[in-house]
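Note sheet for the following structure.
The values are calculated or read from the model by the stated rules, or taken from the named source; none is laboratory data. Treat the numbers as computed from the prediction; the structure is a model and nothing was measured. Please note: Cβ atoms are built from the backbone with ideal geometry, for glycine as well, and neighbour counts cover all protein chains shown. Just the protein is used for accessible areas: all its heavy atoms, side chains included, with ligands, DNA and RNA removed. Shrake-Rupley method; radii C 1.70, N 1.55, O 1.52, S 1.80 Å.
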There are 2 protein chains.
Amino acid sequence: MSTVTKSKAERFVIPINPSHLPKGFVVSSTYAGIKAAISPKPTPDASAAPSSGPTSTTSPKPDLAVIVSSKPAAAAGTFTRNAFKAAPVVLSSKMLLDGSRSPSGARARSILVNSGCANAVTGERGMNDAKECAKLVGELLTPAKGISQEPQDPSKQGTLLLSTGVIGVPLPMTAIKRCLSHLTSGNVLRSDADAWHETARAFMTTDTFPKLRARSFELAGRKCGIVGIDKGAGMIHPSMAGPSTTLHATLLGLLATDAPISPPALQKALEHAMSRSFNCISVDGDMSTNDTIIALANGAAPPSPSPSGPVLKAGEEITEEQHPEEFEKFKAILTDFCEEMAHLIVRDGEGAEKFVEIKVKGAPTYEHAHAIASSISTSALVKCALHGGDANWGRILCAVGYAPLPSSSSWSIDPSRVTVTFVPPAEVAKEHRELVVLKDGAPQKVDEVEAGKLLAYEDINIVVDLAGGSDGDAGAKEEAKYWTCDLSREYIAINGDYRS
Amino acid sequence: MSTVTKSKAERFVIPINPSHLPKGFVVSSTYAGIKAAISPKPTPDASAAPSSGPTSTTSPKPDLAVIVSSKPAAAAGTFTRNAFKAAPVVLSSKMLLDGSRSPSGARARSILVNSGCANAVTGERGMNDAKECAKLVGELLTPAKGISQEPQDPSKQGTLLLSTGVIGVPLPMTAIKRCLSHLTSGNVLRSDADAWHETARAFMTTDTFPKLRARSFELAGRKCGIVGIDKGAGMIHPSMAGPSTTLHATLLGLLATDAPISPPALQKALEHAMSRSFNCISVDGDMSTNDTIIALANGAAPPSPSPSGPVLKAGEEITEEQHPEEFEKFKAILTDFCEEMAHLIVRDGEGAEKFVEIKVKGAPTYEHAHAIASSISTSALVKCALHGGDANWGRILCAVGYAPLPSSSSWSIDPSRVTVTFVPPAEVAKEHRELVVLKDGAPQKVDEVEAGKLLAYEDINIVVDLAGGSDGDAGAKEEAKYWTCDLSREYIAINGDYRS
């Protein structure tokens, strides 16, 4: 029944328009052999790795990358709420927090990314390794390399860290250190689309395709660009073996823009965007120890040839207080871009054959709508039904009914007001009608043939209208979207056939 | 690797010792053809059903049953928190609530149980149908039938309702009403073990075996018995077809004892027992619209031949205030019995090949331990790992780390204090050592061969010791247990292959 013929990589890897890339960022990546170095036994990957070092042209997928801004950039981040935060999460969030309390705000020059080892559950040694990595990258990125034009302020030269991969095993520092001076040399760091593509590949673990997007926009009289990379959520293939070398799913993301945004404004916009994008996706409901999204804004965007609206002075940054309109515009751009980036994670969800958008509307607050959409999106029964092409309003309704609502509110769902509709994907909207399966709390007679056709598409859109719930229509107009995938045998095979 | 050779029915259906059954209860059951009556097309079940009515000896599995107490019994119940409560849930909980505000407390004479139709999402008609069922049973159970010896008090003649099955479709009232006078006649109602067994079968939907247990105990100078029936959690087989005829999972339970317990004491004991048994199991994390456990205590237990402790007067009931020791004893008996009953649900979980006990200890409160154990038990990744026989401490730790802790507490988990141990099942404890996979937050070297043997058993026991978390050892000694099953391809097949 599937309409899919091409692989996910063929469909979701799209060329980057170089004019969309932000100015003032350079990147480099290499194969450091991180996974092989920490494996108890040689893996097929490791044995295939060349011994000649990271510059070999026959190297496998890169696993180590740096992203460098030509000058200290405003920096913001969102991190996992898991109690077991990995060392790079602890270190990066502390750096941003410390920075936010300083006069210049949170700033960073660079990001070091590795896949293959998460540096999680590695205790004090893991923290020391992470600190050493950040320190080395910072030292290597001196003005002598021709990258920074700014006066040297150590507080602005910080390196943020992103790690994903095996947990419970220390970083292979020898392998990493061997590559750092190479990665940070001026002739290796590049700003072209190919370099960004290779950097996106360095993020991958069991992702089936690199996740890279870019856009341009005008803001405050500047022609700005934004580029994004993310990864997740994949488990290692069974061949790794051994509980001490288990990969786990992690969502990592990087957003780099040359828009002139102050650090607090960037942080606030990022948190808003997160709450409407990365925090609205679910593959299997498990929150990782390493989930991190980092945003950098270096203000290097050139003047727009035909500026509209207010034009910022050189060196000036958008703040929420002084430039509320520009701030709102940037927040909306960032949110929309993050939504696109977040969708890529769900597209590549383990065993996923469906991409499902759940929209809940008619709620008193965004948080209510979000909680209900999240409940539907993580229900194993709903995900199984969608896998099987079943417009199962009963399972959807059940998940609506047990959603944990904000405890501070007395609002409740009114079952007799709930309507559930399956909406055709946009590109085939003309060929199908909307399928109302529950209206005002009452099950509807459904055209089974039409339902079968609608649910055979890869993309499924479900709208749950609470119609105001216990408050009635008047007071409750908020809505939230959530994106999830189906639950398939392939998911079990990926995550359950560890020793088979 | 499985050690299982017999079917679940062969292993978990065990004969009831008649001396354990409570006095003063009679039961009857029949095949009413409920599922067939509401199916849009004849199903194999329906076509196999005899047209000669409910008394035919060739009838399929019973789907309608009554449980009757010889006199009004103290009644208690716990019900789903789902916002979409089915009509029998709304009606039964209201009856108990109204009763609890009356001088005599919550009392009931009988319970009507049906499978095949959940009477959920059926609007006003569903409520009217449920009321009519209860009224009819109450009227039929008159003293003329020789069952009640009590003066007639309409407020004590109530009938509680339990329904499970298809949602969104009204009860087939003609089929049900046709059977009620038969079911409630004095010569059909019986108190023997076979009659209880048939009643347990009437609860079943896609359960693979009837779930019935009984025990005896001495309390307040009486020789008491308790019998329990439960069912869940099963989805209908794909052959049903059509969104308006979708079965959904429901946990139903009935506990009947002849112990002399006052209604408020029964309710309090039941809520405690629930929080340590039925509220500590998960098959797929979906909370049904019909989940209900009802307990009846009719005080009909005869005097013990050799009473120990205080002896209650005839007609006297145990209350928490006047008989605290007896109350605590009953609460402990009920909790232990409910734990046994709850385990049966997990044993019969859809696609389940493993029975997993998660014990979390070293927490500041039971609620903290329960939240963490629940988080581990519902993690798709943990359940997949256990399915594959993988002692994956990383996934367990991850689920510990994202457990939503009680917001009223400032206590937090200290990663460096957490120990995770796989404990051999009791019956093979001598053949294996305990397998410590994480100690004080540090991954341990694990004997893979030994781990493989331990995880090949059907029963898997995992102990997570928080060692007091952020408070250290001194303040946090509470523990909670949770029971779950693995996540298998068979689960996907049962719930995802709806239209295949």
Residue list for the stretch B:91-125, restricted to those being surrounded by fewer than 17 Cβ atoms within 10 Å (Cβ to Cβ) and within 11 Å of chain A (Cβ to nearest Cβ)
B:G123, B:E124, B:R125
By residue number, the members of the stretch A:180-221 that are within 21 Å of A:L266 (Cβ to Cβ) and at pLDDT below 95 are A:A220, A:G221
Those residues of the stretch A:307-341 which are at positive phi and either without any contact (Cβ under 8 Å) to a residue 60 or more places away in the chain or in contact with a Ser or Thr (Cβ under 9 Å, 6 or more places away or on another chain) (or both) amount to A:G315
Check B:A451 against each of (1) surrounded by 14 or more Cβ atoms within 10 Å (Cβ to Cβ); (2) touching a Ser or Thr at 6+ places or on another chain (Cβ under 9 Å); (3) farther than 21 Å from B:S375 by Cα and name the one condition it does not meet.
(2)
Evaluation of A:D471 against (1) more than 28 Å from the chain's Cα centre (by Cα); (2) within 12 Å of chain B (Cβ to nearest Cβ) (one fails), failing number
(2)
Test: residue in the stretch A:333-351 that is away from chain B (no Cβ under 14 Å), surrounded by fewer than 21 Cβ atoms within 10 Å (Cβ to Cβ) and out of contact with any strand residue (DSSP E or B) (no Cβ under 9 Å at 6 or more places or on another chain):
yes
Only one of (1) more than 10 Å from chain B (Cβ to nearest Cβ); (2) polar (S, T, N, Q); (3) more than 27 Å from A:C338 (Cβ to Cβ) is not met by A:T421, so which one is it?
(3)
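Which one of these is under 21 Å from B:H368 (Cα atoms), open to solvent by less than 20 Å² (accessible area, probe 1.4 Å) and part of a loop (DSSP other than H, G, I, E, B): B:A403, B:A399?
Among B:A403, B:A399, only B:A403 is under 21 Å from B:H368 (Cα atoms), open to solvent by less than 20 Å² (accessible area, probe 1.4 Å) and part of a loop (DSSP other than H, G, I, E, B).
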Scan the stretch A:178-197 for residues that are open to solvent by 60 Å² or more (accessible area, probe 1.4 Å) and among the charged types (D, E, K, R) and jot them down.
A:R178, A:R190, A:D194
Could you pull out the residue among A:V360, A:V436 that is open to solvent by 40 Å² or more (accessible area, probe 1.4 Å), within 14 Å of chain B (Cβ to nearest Cβ) and not in a loop (DSSP other than H, G, I, E, B)?
A:V436
Which pairs do you get when a residue that is among the β-branched types (V, I, T), found in the stretch B:69-93, comes within reach of a residue that is open to solvent by 30 Å² or more (accessible area, probe 1.4 Å) and part of a loop (DSSP other than H, G, I, E, B), reach meaning Cβ atoms under 9 angstrom, with the pair 6+ apart or on two chains?
B:T78/B:D291; B:T80/A:Y402; B:T80/B:M287; B:T80/B:D291; B:V89/B:D291
Enumeration of residues in the stretch A:476-498 that are under 16 Å from A:D348 (Cα atoms), at the interface with another protein chain (Cβ under 7 Å from one of its Cβ atoms) and surrounded by 24 or more Cβ atoms within 10 Å (Cβ to Cβ)
A:L487, A:I492, A:N495
Every residue from the stretch B:284-312 that is modelled with pLDDT under 90, of a type outside the set (G, A, S) and open to solvent by 20 Å² or more (accessible area, probe 1.4 Å)
B:D284, B:D286, B:M287, B:D291, B:P305, B:P307, B:P310, B:V311
From the list B:V449, B:V420, B:V428, exactly one residue is outside any helix (DSSP H, G or I) and hydrophobic (A, V, I, L, M, F, W, C). Which is it?
B:V420
